[in-house]
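Just so it is clear, none of the values below were taken in a lab; they were calculated from the coordinates. Fair warning: this is a prediction, and the values are worked out from it, not measured in the lab. Because the Cβ atoms are built from the backbone with ideal geometry, glycine has one as well, and the counts that use them run over all protein chains shown.
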Amino acid sequence: MKSKSVFEQDLDFKLQDPEFKVLYEQELQTIREVDSFINALDQTRIDLGMTKAHLARQISTDPVVIRRLFSTRGNPTLSRVIEIASALGLKLTLVPESKSN
């Protein structure tokens, strides 16, 4: 069995604190939702046969911005996300969270 890294050991220790655990799980959920959203945008781009460079041209930005976004190093503004969605033929909408979340 592989031994845990110092980071993993430290995290295990911190997760014993109920307050820390709640905050950690909230952040983890946020990260998962953002990743899922960005992955859906990228999959739509792929399904449309659009290159990252073409998408960048569609929204008048440098291709590196799109590459960073889809490689998880980017943190786009809401206005940028709306531009990207629109260029992919999508519309950003909000729906109520289900009670189970």
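Quick notes
- Here the 3J(HN,Hα) profile of region 3-19, calculated from phi with Karplus coefficients 6.51, -1.76 and 1.60 at θ = phi - 60°, is 6, 6, 6, 4, 4, 4, 5, 5, 4, 4, 5, 5, 5, 6, 7, x, 5 Hz, Gly and Pro shown as x.
- Residue exposure sequence - Val81, Val6 - by fewest surrounding Cβ within 10 Å: Val6, Val81
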